[in-house]
Amino acid sequence: MTHDAGRVDRCGAPGSVWSKQVPAISVVMPVFNRQGRVVRALESVLAQDLADFELIIVDDASTDATVRIIEGYDDPRIVLVRQPENRGGGAARNCGARQARSGLIAFLDSDDVFRPHKLGFVVDYFASHPSIDVLLDSFELVYPPERRKRNVMRINPPLTDSREIAAGIYARRISKATPALSLRRDALRTAGYFDEGLRRRQDFDLVIRLTRTCQCATTDQVLWTKFWAEGTITSQSSTRMEAMLEMCRRNPEYLTRPEYRIGLARDLAHHVLRLTAKGEFGLMRRDLRLFARAHGTGLTTRLIGRGLIESTRRAAAGTR
């Protein structure tokens, strides 16, 4: 069973801490009904070259064997937080971040894994770059064999300018998936945590806010592996348009600045192509009407056209 002193029964109600020593870094991992995957993610943290960490696992009211599996680990660095009701990934991450004892926080999704040197690299990076508040690293995207797609390396260019990083995120030149994000705890407080009202694009929303309030950096070091899985929020088509429109509403520059708009164009074109490939023409018509109603038919058409051209160009060049 878990070490009782490291157990937290619900968010906001910590028990006695298993050690007075503050860990070098806190890892926050939300879980919900992940009995078939949580071991892989959890073990990747326990296998880190750096042993000085705490792993805060926030169970978002799972109904399967997820909690029982976690409780089977006898490691005092594991802190289990159980939320009484399902509130979503953003709320679970915020809950874990507020429990963190370290001044550094890293995030991991229960579908993915850290590479063994992830935490050691992050701790050393922040120690040697005291002016940096936020780090976005690089990763490998792995597809299941049945999809017959090659794995993709998502390599971020090494940058230390927040405005340049924001431009790269808008233009889709920089990846900002949540497990790529490590940051100082105070930076997260300043930016305002994850928006718990968003169903998707929570990482986009938070990182853009971080670029406005903190000193951000990126690295080309590949520190974790993302496993594509059917049924995850990222793979769902039905909520993509609402999230796209919400990001435009919150960040008007996404539409008004041409160098940012290329990312929106690619998103819109990819969405149309995905729905076409799936034969979901009714959903495609609905989503295009929604976007056109908000931003006009002419702009919608131009964005799709530009996105298709840009996607074709990148495919020919072998870039993502």
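Structure data summary
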item	result
Which numbered condition residue 181 misses (of (1) more than 15 Å from the chain's Cα centre (by Cα); (2) open to solvent by less than 50 Å² (accessible area, probe 1.4 Å); (3) aliphatic (A, V, I, L, M))	(1)
Residue match in region 192-199 (condition: modelled with pLDDT of 90 or more, in contact with a strand residue (DSSP E or B) (Cβ under 9 Å, 6 or more places away or on another chain) and over 16 Å from residue 215 (Cβ atoms))	no
Every residue from region 33-47 that is crowded, with 22+ Cβ neighbours inside 10 Å and outside any helix (DSSP H, G or I)	34
Elements of type helices (runs of 4 or more DSSP H) contained in region 195-291, each with 3 or more residues being closer than 24 Å to residue 107 by Cα and touching a residue at least 12 places away in the same chain (Cβ under 8 Å)	202-213, 240-250
Residue 172 open to solvent by 20 Å² or more (accessible area, probe 1.4 Å), under 15 Å from the mean Cα position of the chain (by Cα) and at pLDDT below 95	yes
Of all residues making up region 83-98, the number that are more than 17 Å from residue 179 (Cα to Cα) and modelled with pLDDT of 95 or more	1
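Here's the yes/no breakdown for (1) touching a His at 6+ places or on another chain (Cβ under 8 Å); (2) modelled with pLDDT of 90 or more; (3) surrounded by 13 or more Cβ atoms within 10 Å (Cβ to Cβ); (4) farther than 27 Å from residue 150 by Cβ:
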{"residue": "271", "(1), (2), (3), (4)": "no, yes, yes, no"}
{"residue": "275", "(1), (2), (3), (4)": "no, yes, yes, no"}
{"residue": "286", "(1), (2), (3), (4)": "no, yes, yes, yes"}
{"residue": "289", "(1), (2), (3), (4)": "no, yes, yes, yes"}
{"residue": "293", "(1), (2), (3), (4)": "no, yes, no, yes"}
{"residue": "299", "(1), (2), (3), (4)": "no, yes, yes, yes"}
{"residue": "304", "(1), (2), (3), (4)": "no, yes, yes, no"}
{"residue": "313", "(1), (2), (3), (4)": "no, no, no, no"}
{"residue": "319", "(1), (2), (3), (4)": "no, no, no, no"}
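The values are calculated or read from the model by the stated rules, or taken from the named source; none is laboratory data. Since this is a predicted model, take the numbers as computed values, not measurements. All Cβ positions, even for glycine, are placed from backbone atoms using ideal geometry, and neighbour counts span all protein chains on display. Surface areas here come from the heavy atoms of the whole protein model, side chains and all, with no ligands, DNA or RNA. Shrake-Rupley method; radii C 1.70, N 1.55, O 1.52, S 1.80 Å.
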